[in-house]
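Chemist: Got a structure for you, written out below as structure tokens; questions coming shortly.
The values are calculated or read from the model by the stated rules, or taken from the named source; none is laboratory data. What you see is a predicted model; the values in this text were computed from it and never measured. So basically every Cβ, Gly included, is an ideal-geometry build from the backbone, and we count neighbours across all protein chains shown.
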């Protein structure tokens, strides 16, 4: 079966189950995160579950991932009807009152800083060193803090915010992936969950990056979207940088720990 025919099968399934709206619907779920917090990895996990659960026989890669989990970049929610798929939409946006259901994926700010720095420097977007990056109001610790605070401080009672941490996903991917689908109302076979985790491993995603992102890699020889995905980049930072990030983010981290049980600044 050709790719377009498989996509048509998937679209028809979504329409028949009331999952694919023609306008922005209240049951649309937004997978929100600050950049380099694991959003793409979780999108691959979700896409691989969908492909196997629906028996589409599609190998998810960087070329077709947005057919499964569209990304909202620079367009308003009024334009969402132009996306071919719904249910989960990826975005890095700050708080929006138009989002009804939000999966907020958070990652500790130390690891985010190092990963985001390498991402932007490899693309040639950022030219200064890591210490300057951490203090940059557009990308550094303050930017992470603004993003997370915009959600936890402004969420309304009629919105549904579900918190996931990258660290929890990294430690127990099968449990958290099953939980994510359970919130959406889908009971997924544990074998599919396990296989999706295997197919979305960082080793496999690195291979997919090499085969399906050739044009980007050719233009930016040092660029790697998939780096290590590990937990614990703190040893890459100076004592001064660690202290700066802690000072900027500690109040937000304390709220996440106290109210939501997510420890962002643990050693």
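Chemist: Within the stretch 234-259, track down each residue that is under 12 Å from residue 114 (Cα atoms) and buried (at least 19 other Cβ atoms within 10 Å of the Cβ). Spell out the reasoning first.
Modeler: Step one: of the stretch 234-259, the residues under 12 Å from residue 114 (Cα atoms) are 234-238, 241-242, 245.
237, 241, 245, listed by residue number.
Chemist: Sticking with this structure for a sec: If I ask for residues that are buried (at least 20 other Cβ atoms within 10 Å of the Cβ) and within 22 Å of residue 174 (Cβ to Cβ), which ones from the stretch 57-71 would you list?
Modeler: Passing the criteria: 58, 60, 65, 68, 69.
Chemist: Another question about this same structure. Filter the stretch 120-142 down to residues that are under 17 Å from residue 109 (Cβ atoms), in contact (Cβ under 8 Å) with a residue 24 or more places away in the chain and not in a loop (DSSP other than H, G, I, E, B), then give me how many there are.
Modeler: 5
Chemist: Let me ask another. Just wondering, is there one or more residues in the stretch 65-80 that are more than 25 Å from residue 182 (Cβ to Cβ), part of a helix (DSSP H, G or I) and either at pLDDT 85 or above or under 17 Å from the mean Cα position of the chain (by Cα) (or both)? Quick ask: steps written out before the conclusion?
Modeler: Taking the stretch 65-80 as the starting set, the residues that turn out to be more than 25 Å from residue 182 (Cβ to Cβ) are 73-79.
Adding the requirement that they be part of a helix (DSSP H, G or I) leaves 77-79.
Subsequent filtering for residues that are either at pLDDT 85 or above or under 17 Å from the mean Cα position of the chain (by Cα) (or both) retains none.
No; the residues of the stretch 65-80 include none that is more than 25 Å from residue 182 (Cβ to Cβ), part of a helix (DSSP H, G or I) and either at pLDDT 85 or above or under 17 Å from the mean Cα position of the chain (by Cα) (or both).
Chemist: If the requirement is being within 19 Å of residue 101 (Cα to Cα), assigned to a helix (DSSP H, G or I) and within 16 Å of the chain's Cα centre (by Cα), which of these qualifies: 181, 169? Break it down into steps so the answer makes sense when it comes.
Modeler: Numbers: 169 fails: within 19 Å of residue 101 (Cα to Cα).
On inspection, the qualifying residue turns out to be 181.
Chemist: What is the one condition in (1) within 18 Å of residue 37 (Cα to Cα); (2) at pLDDT below 90; (3) touching a helix residue (DSSP H, G or I) at 6+ places or on another chain (Cβ under 6 Å) that residue 222 does not satisfy?
Modeler: (1)
Chemist: Can you go through 103, 95 and tell me which one is in contact with a strand residue (DSSP E or B) (Cβ under 6 Å, 6 or more places away or on another chain) and either outside any loop (DSSP other than H, G, I, E, B) or modelled with pLDDT of 85 or more (or both)?
Modeler: On the way: 95 fails: in contact with a strand residue (DSSP E or B) (Cβ under 6 Å, 6 or more places away or on another chain).
From the options 103, 95, the qualifying one is 103.
Chemist: Hey, another quick one. For residues that are modelled with pLDDT under 80 and under 17 Å from residue 32 (Cβ atoms), tally how many sit in the stretch 81-92.
Modeler: The first filter runs over the stretch 81-92 and keeps only residues modelled with pLDDT under 80, leaving 81-87.
Add one more test, that the residue is under 17 Å from residue 32 (Cβ atoms), and what stays is 83, 86-87.
Residues that pass the stated criteria total 3.
Chemist: Among what's in the stretch 118-136 and is at pLDDT 95 or above and under 15 Å from residue 35 (Cα atoms), pick the residue that is surrounded by the fewest Cβ atoms within 10 Å (Cβ to Cβ).
Modeler: Only one residue tops the list, namely 136.
Chemist: Right, here's the next one. Quick one: residue 145 ticks every box in (1) free of Cβ contacts under 8 Å to residues at least 60 places away in the same chain; (2) under 28 Å from residue 99 (Cα atoms); (3) surrounded by 19 or more Cβ atoms within 10 Å (Cβ to Cβ) bar one, so which box is it?
Modeler: Condition (1) is where residue 145 drops out.
Chemist: Ok, one more. Which members of the stretch 143-164 meet the condition of being touching a helix residue (DSSP H, G or I) at 6+ places or on another chain (Cβ under 8 Å) and not in a helix (DSSP H, G or I)? Explain how you work it out, then say what you get.
Modeler: Just the residues of the stretch 143-164 that are touching a helix residue (DSSP H, G or I) at 6+ places or on another chain (Cβ under 8 Å), to begin with: 144-145, 148-149, 152, 161-164.
Matches in the stretch 143-164: 161, 162, 163, 164.
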